[in-house]
1. Output the residues belonging to region 2-56 that are at positive phi and loosely packed, with under 10 Cβ neighbours inside 10 Å.
2. Looking only at helices (runs of 4 or more DSSP H) that lie completely in region 76-128, which have at least 3 residues being at pLDDT 70 or above?
3. Restricting attention to region 19-55, report how many residues are within 20 Å of S89 (Cα to Cα) and either touching an Asp or Glu at 6+ places or on another chain (Cβ under 7 Å) or part of a loop (DSSP other than H, G, I, E, B) (or both).
Amino acid sequence: MVTGTIIMVIGISLMRVGINWAGGGIPTFTKMIDGIPHSYPNPNYGQLQGLGIALFVLLVILALIKWGKGFIANVSVLLGIIAGAVLASALGVMHFDKVAAAPGATSSSRSISACRNSISSPSSPCAS
């Protein structure tokens with residue numbers, strides 16, 4: 001009973017975060033101008049595209065819970081997030097430019113498959 005209550009309180013407190021994320025972030029921005037804070041509306045808040053993606057994710061999760069069996073029903077939230085990411089990528093909302101520009105994302109001169117197939121030793125070029 002205590003565990004259920006704690007999980008419910010955590011879920012209720014996170015509802016505001018989820019609603020704001022679905023709406024496009026925070027409803028207003030605060031900027032300091034001459035030492036005085038001013039609030040400005042977020043132009044991206046409440047756009048139908050973000051709300052539509054959030055609704056799509058919710059419907060995928062609910063459908064997987066209702067009609068999925070076993071493991072699929074258990075990982076319905078993960079599968080819903082993946083489906084939403086695929087939809088957001090297809091709509092051009094999700095970009096991977098920063099991932100591609102990251103130093104670890106570039107291919108090096110040595111091949112991963114060559115390193116995987118070689119025996120790793122301290123003198124091997126695949127050893128780091």
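1. If the condition is that a residue be at positive phi and loosely packed, with under 10 Cβ neighbours inside 10 Å, then D34, G35 are the ones that fit.
2. On the way: elements: 76-91, 97-101, 112-117.
Hits in region 76-128: 76-91, 97-101.
3. From region 19-55, those within 20 Å of S89 (Cα to Cα) are 21-25, 44-55; that's our starting set.
Now restrict to residues that are either touching an Asp or Glu at 6+ places or on another chain (Cβ under 7 Å) or part of a loop (DSSP other than H, G, I, E, B) (or both): 24-25, 44-47.
Selection size over region 19-55: 6.
The values are calculated or read from the model by the stated rules, or taken from the named source; none is laboratory data. None of the values given here were measured: they were computed from a predicted structure. Don't worry about glycine lacking a Cβ; one is built from the backbone with ideal geometry, like all the others, and counts go over all protein chains shown.
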